[in-house]
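Please read the structure below before turning to the comments.
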Amino acid sequence: MKLIFALLLLLPFNREVRYFPSILYGHILIGSGTSRYETVFTITAGNETRVAVNLFSDKGDPMNASFVDEGGKWAGAGSSFECYVIPDRPVKIKLALKPEDAEDDVAVKTGWAMVESPEQVDITAVVRITTPDGKLISRHVLGSERPPTGE
């Protein structure tokens with residue numbers, strides 16, 4: 001983890017970097033039923049800017065996922081997602097398991113996300129846990145943090 005923070009410090013000074021220390025998404029088998037975990041990122045900016053969301057496992061390795069837009073359409077797959085944000089038009093992107101990962105009865109991925117952009121952005125992540133029929137069990141709002149500066 002210290003290596004990753006050291007690498008973050010080497011990024012050019014004109015980039016805005018934020019990270020989420022923990023994200024959770026996927027499916028988990030609980031008792032006789034299945035709960036559903038999902039993480040939705042909401043990104044807003046005061047100026048037009050490009051934003052990259054990079055996912056990492058708890059061990060710091062790139063973590064693959066599917067990215068789904070606000071309308072429920074597939075928007076990409078891999079360990080990173082890039083988008084363009086326009087003022088007053090938030091971008092919402094949901095993490096989903098890749099189809100081959102969702103085949104197991106128990107499939108949960110945990111990790112963290114790093115967000116980079118040349119301009120300042122506001123980003124939140126909402127982690128929702130629901131029952132199979134969509135009833136909300138738990139909802140956590142995660143705020144992003146700036147990487148430590150070593151001071």
Exercise for the section: Give the Kirkwood hydrodynamic radius (Å, one decimal) of the range 44-151, defined as one over the mean of 1/r across all pairs of different Cα atoms. Expected result: 15.4 Å
Handout entry: Loop-resident sites, the range 110-141, for trypsin sites (Lys or Arg not before Pro), counting at most 13 other Cβ within 10 Å (DSSP)
Key = 135
Handout entry: Label-point separation, residue 141 to residue 84 (7 Å along Cα→Cβ), nm
Key = 3.0 nm
Handout entry: Nitroxide proxy distance, nm - points 7 Å out along Cα→Cβ at residue 48 and residue 92
Key = 2.4 nm
Practice task
Quantify how much of the Cα-Cα distance distribution of the range 63-124 extends past 15 Å, in percent.
Solution key: 57 percent
Handout entry: Dipole in debye (nearest 20) - the range 35-103, about Cα centre, beta carbon charges: Lys, Arg +1; Asp, Glu -1
Key = 140 debye
Problem - Listed residues 99, 65, 83: farthest to the positive end of the dipole of the range 61-106 (Cβ charges) - result: 83
Completion exercise
With label points set 7 Å from each Cα along the Cα-to-Cβ direction at residue 101 and residue 58, the distance between them in nm comes to 1.4 nm
Handout entry: Residue-by-residue Karplus 3J(HN,Hα) for the range 118-133, coefficients 6.51, -1.76, 1.60, Hz, glycine and proline x
Key = x, 10, 5, 10, 10, 9, 10, 10, 10, 9, 10, 10, 10, 7, x, 8
Handout entry: Karplus (6.51, -1.76, 1.60) ³J(HN,Hα), θ = phi - 60°, over the range 73-86, in Hz, Gly and Pro reported as x
Key = 8, 4, 10, x, 8, x, 9, 8, 9, 10, 8, 10, 10, 10
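Taken together, the values in this text are just the output of simple stated rules run on the coordinates, not laboratory data. Bear in mind the structure is a predicted one, so any value in this text is a computation, not a measurement. Here the Cβ is made from the backbone with ideal geometry for all residues, glycine too, and neighbour counts use every protein chain on show.
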